[in-house]
Structure formats: structure tokens, C-alpha cells
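Okay, so here's the structure we're looking at.
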Amino acid sequence: IFMDEIDSIGSSRIESGSGGDSEVQRTMLELLNQLDGFEATKNIKVIMATNRIDILDPALLRPGRIDRKIEFPPPNEEARLDILKIHSRKMNLTRGIN
């Protein structure tokens with residue numbers, strides 16, 4: 001199961017009376033319940049992606065719910081140049097572009 005942008009429902013819970021926040025918190029609680037319900041012997045893998053790990057609820061990151069964290073840091077200048085070369089290799093570029 002792949003969940004992209006998990007921060008949209010997995011952000012830290014706050015005291016709020018608005019309906020939208022309340023619905024997000026209920027969704028988050030249900031996600032936590034479902035994660036706790038998976039049996040280790042089953043072949044179920046949950047992969048979550050976010051670019052805002054700083055706002056995730058600590059309950060979501062508790063040991064036993066998330067087994068490992070794989071981080072992809074932003075590319076350095078050399079890597080950005082390599083990315084540019086890959087994506088522009090089929091483009092007709094003139095010499096004056098740097």
C-alpha cells in the first residue's frame with residue numbers, strides 16, 4: 001500500500017473546532033488503528049511518502065508502526081547538473097545556455 005503526501009492526513013493533531021480539521025483527525029485515528037491491526041506474519045507492506053516529516057504526528061512515527069525511514073536529501077549542485085543533463089539531452093540547446 002503506497003500513501004503519498006501522508007502529511008495531508010498524518011499531521012500533528014491540534015485542538016480545533018473546524019469541521020475539516022476534525023475530519024482529518026478522525027482519518028488519522030483510523031489510519032493508526034489500521035496500522036496497529038496488521039499482523040506481522042501477513043505480507044502487507046505500507047510505504048508512505050512526505051516532504052514534510054517535521055509536521056507528522058509523533059504517534060504515526062512510533063516504533064512498531066514505521067519500521068524504517070529512508071531519506072532522500074535534496075541534490076547538491078553536481079547532482080542538479082546531472083539531472084539537467086538527463087532531462088535536456090534530447091533538446092536542441094545552443095552554446096550560449098549555461
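Read-outs throughout are calculated quantities, based only on the coordinates presented, and are distinct from any laboratory measurement. Since we're looking at a predicted model, the values are computed, not measured. Neighbour counts run over all protein chains shown; Cβ positions are idealised from the backbone, glycine included.
General remarks:
- Any hit, segment 53-62, residues being among the charged types (D, E, K, R), outside any loop (DSSP other than H, G, I, E, B), over 30 Å from residue 9 (Cα atoms) and free of Cβ contacts under 8 Å to residues at least 12 places away in the same chain: no
- For beta carbons closer than 8 Å, sequence separation of 6+ or different chains, a first residue in segment 24-39 that is hydroxyl-bearing (Ser, Thr, Tyr) and a second that is part of a helix (DSSP H, G or I), the qualifying pairs are 27/9.
- Summed over segment 68-92, residues that are of a type in the set (A, V, I, L, M), surrounded by 10 or more Cβ atoms within 10 Å (Cβ to Cβ) and not in a helix (DSSP H, G or I) total 0.
- Selection of segment 40-52 for residues being among the hydroxyl-bearing types (Ser, Thr, Tyr) and without any contact (Cβ under 8 Å) to a residue 12 or more places away in the chain yields only 41.
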